[in-house]
Amino acid sequence: MDGNMPGKITTEKRIEKLLSAYVPLPMCIINQQGKVTRASNKIDEVFKYDGIKDADIFALTGIKHGEFFSEGVNEKFLTLSRNDKIFRIQVGYVGKDEQKRAIIYFYDITNYENLKTMYNDEHICMATINVDNYDELTSSTSEEKRLALSTDIDKAVRQWASRGNASIIRYKENMYFMVFENAYLDKIVENKFAILDDIREIETEADFPVTLSIGIGAGGKHPAQTDQYAVAALDLALGRGGDQAVVKKGSKLEYFGGKMQTVEKGNKGKSRIIAHAIKQLVDQSSKVVIMGHRNPDMDSFGSALGVYRIVANRNKDAYIVINNYFETLAEIYNQARETEFYQFVNSEKAISMMDKDTLLVVLDTHRPSLVECRELLELTEKIVVIDHHRKAEECIDNATLYYMEPYASSTSELVTEILQYSGDKKNVAKLEVEGLLAGISMDTNRFAVKTGVRTFEAASWLRRSGADTTTVKRFFQTDAEAFKIKAKCIAEADIKENGIAYSVSHGHHPDIQVINSQAADELLSVKNVRASFVAGRDERGTTVISARSLGEMNMQTIMEKLGGGGHLTTAGAQVECTPEEALQQIEEIVNSLDSKAANNKEEK
């Protein structure tokens, strides 16, 4: 042993003794085993009991002793709450190697933390509140009860605002603006926006309940930015179908509610306005490029044919961007190619022909990551988005015109209405109306789900315009192999006690998206099944998931957790893990949601 070692240890112990005696802060020294070897007299400001020597630092603080010896410990801002005080922990060292000890200083930052909490609590939040479908509500209510309904809605909203000492103003019949302190926001979130449930309890004469859409802005650098957050949040809530709240704190978004199916709007005035705007944009453009989502389905392709007709009727050149497609689209796609009327281009060709005067029409998606060619979005300032999906956080943000209606059954339904108001109604090809009818038929599961009055009106117009339902049915025919995969998938489904069905489509099939969606739809026909999830792999090995429900469970929010999206009752996603792993993740999400719902029910 080194003869100088005893002297070194004595010096280190002397340093420890001096530190504990003269440092004007609560402090203690621990060895590498996490035991307290020495403490200052002021340590009782932190720990209100005698004799902490030899005590374990983890038992004292709840912080693992290994953290005190880790590099960058002082950069972690460790804090400790004791005796109604808050202490910041800072660490120094004495000794080396096996004799190394950690010196732990406790800085009282209570006043600073209280000031920070007070500042955060008093920070201003803003909310914009919309009474969904107010016009439809009042038009469905008798004149003598209309005032009572308006009063009941106003009373419920104001009572909710008063619980948080909020300032609220009703600036339109269906719109409110609210200002409140950030301290109340946590309570609102904790209660899962109970106002959404309360407002639905109001009795109406309509065949749908009163619902609210709420957009809350928080954390802005100044009031103007907070207001912008609130407006953006409300826009997102409305775009996702209403009956929900969205909280926007900077780039962070939180969603609440969304339990009701979107109510169909009876007035077609917006369709007329959109049709007129699109005609003007087409007339002002050199050419039009039409683009759907990657691997287009019948809705995306059918609506593209409809928009192509609108452009052709304005005597402008149109091009449909398509790179790859599923086998189920082959029949209608080949028929379109054979006519030699439609111009199809791939992404490379589309990029080469784009200029500042080109109009880009995006169909059946509003997410940049899902479009057929993302580069096209950056090559023109004239963009029209037509979509029926609930709005996602990721959205094309530089569009000239948005027509996003989550109440609609399909994008084909929206395009059909636009086509009706675009003039030259008779100049529509048989293939185009059949493509649009096929798109509506696919997204409604043969008119079984998400079908409103306007859906049947659109289908009726297409039928009168020459659509043959037998031909449309032929578009959906699959080969014998796909039929067997679907039948096996349904037969082997695992139906849980909570009414959720899970199943896997085995193998790799190019039409797996169609197979999964049809299997998921069929599983909802089984008694006591309230939702179904089917996963299978396409020919490239990507796992494709189809999710369906009867409305009790929100499929969109579940699929968004896996990077997908959709509607309340119909949604999907594509992931890189195996189908079995994907279904396991979904089951965990569903069980978590059921558990939360049960807890909320017990609390009520």
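Quick rundown of the values:
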read-out: Test set (1) closer than 18 Å to A156 by Cα; (2) part of a loop (DSSP other than H, G, I, E, B) - I195 fails condition number; value: (2)
read-out: Members of region 169-208 found to be of a type in the set (A, V, I, L, M, F, W, C), under 30 Å from T117 (Cα atoms) and surrounded by fewer than 17 Cβ atoms within 10 Å (Cβ to Cβ), listed by number; value: I169, F177, A183, V189, A194
read-out: Hits in region 204-236 - residues which are without any contact (Cβ under 8 Å) to a residue 60 or more places away in the chain and assigned to a helix (DSSP H, G or I); value: A224, Q225, Q228, A232
read-out: Answer residue from region 354-366, given it is farther than 14 Å from T411 by Cα and assigned to a loop (DSSP other than H, G, I, E, B) and is modelled with the lowest pLDDT among those; value: K356
read-out: Strands (runs of 3 or more DSSP E) within region 498-604 that include 2 or more residues within 26 Å of E481 (Cβ to Cβ) and in contact with a Pro (Cβ under 7 Å, 6 or more places away or on another chain); value: 531-537
read-out: Scan of region 222-239 for residues that are under 23 Å from N120 (Cβ atoms) and of a type in the set (D, E), ordered by number; value: D227
read-out: Strands (runs of 3 or more DSSP E) fully within region 44-154 counting 1 or more residues that are touching a Cys at 6+ places or on another chain (Cβ under 6 Å); value: 101-108
read-out: Some residue of region 564-573 being surrounded by fewer than 20 Cβ atoms within 10 Å (Cβ to Cβ) and either out of contact with any Ser or Thr (no Cβ under 6 Å at 6 or more places or on another chain) or at positive phi (or both); value: no
read-out: Residue, surrounded by the fewest Cβ atoms within 10 Å (Cβ to Cβ), within region 373-394, restricted to residues that are more than 24 Å from M442 (Cα to Cα), touching a Pro at 6+ places or on another chain (Cβ under 8 Å) and not acidic (D, E); value: R374
read-out: Residues within region 155-171 that are among the charged types (D, E, K, R) and either assigned to a loop (DSSP other than H, G, I, E, B) or under 28 Å from the mean Cα position of the chain (by Cα) (or both), tallied; value: 1
read-out: Residue match in region 367-381 (condition: in contact with a strand residue (DSSP E or B) (Cβ under 6 Å, 6 or more places away or on another chain), over 21 Å from D299 (Cα atoms) and in a strand (DSSP E or B)); value: no
read-out: Extreme residue, nearest to V91 (Cα to Cα), among residues of region 16-43 that are of a type in the set (S, T, N, Q) and surrounded by fewer than 15 Cβ atoms within 10 Å (Cβ to Cβ); value: Q33
read-out: Scope region 390-427; condition at pLDDT 85 or above, in contact with a strand residue (DSSP E or B) (Cβ under 7 Å, 6 or more places away or on another chain) and outside any strand (DSSP E or B); matching residues; value: I396, A399, T400, T411, L414, V415
read-out: Every residue from region 539-552 that is surrounded by fewer than 23 Cβ atoms within 10 Å (Cβ to Cβ), in contact with a strand residue (DSSP E or B) (Cβ under 6 Å, 6 or more places away or on another chain) and not polar (S, T, N, Q); value: E539
read-out: From R170, R200, residue being among the basic types (K, R) and farther than 26 Å from Q228 by Cβ; value: R200
read-out: Residue under evaluation K349, criteria (1) under 20 Å from V288 (Cβ atoms); (2) under 28 Å from the mean Cα position of the chain (by Cα), criterion not met; value: (2)
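Here's the yes/no breakdown for (1) farther than 14 Å from I29 by Cα; (2) at pLDDT below 85; (3) surrounded by fewer than 16 Cβ atoms within 10 Å (Cβ to Cβ):
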position	(1), (2), (3)
E45	yes, no, no
G51	no, yes, yes
F68	no, no, no
T79	yes, no, yes
V91	no, no, no
A102	no, no, no
D121	yes, yes, yes
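The values are calculated or read from the model by the stated rules, or taken from the named source; none is laboratory data. Model, not experiment: these values are computed from the prediction. Cβ atoms come from the backbone with ideal geometry, glycine included; neighbour counts cover every protein chain shown.
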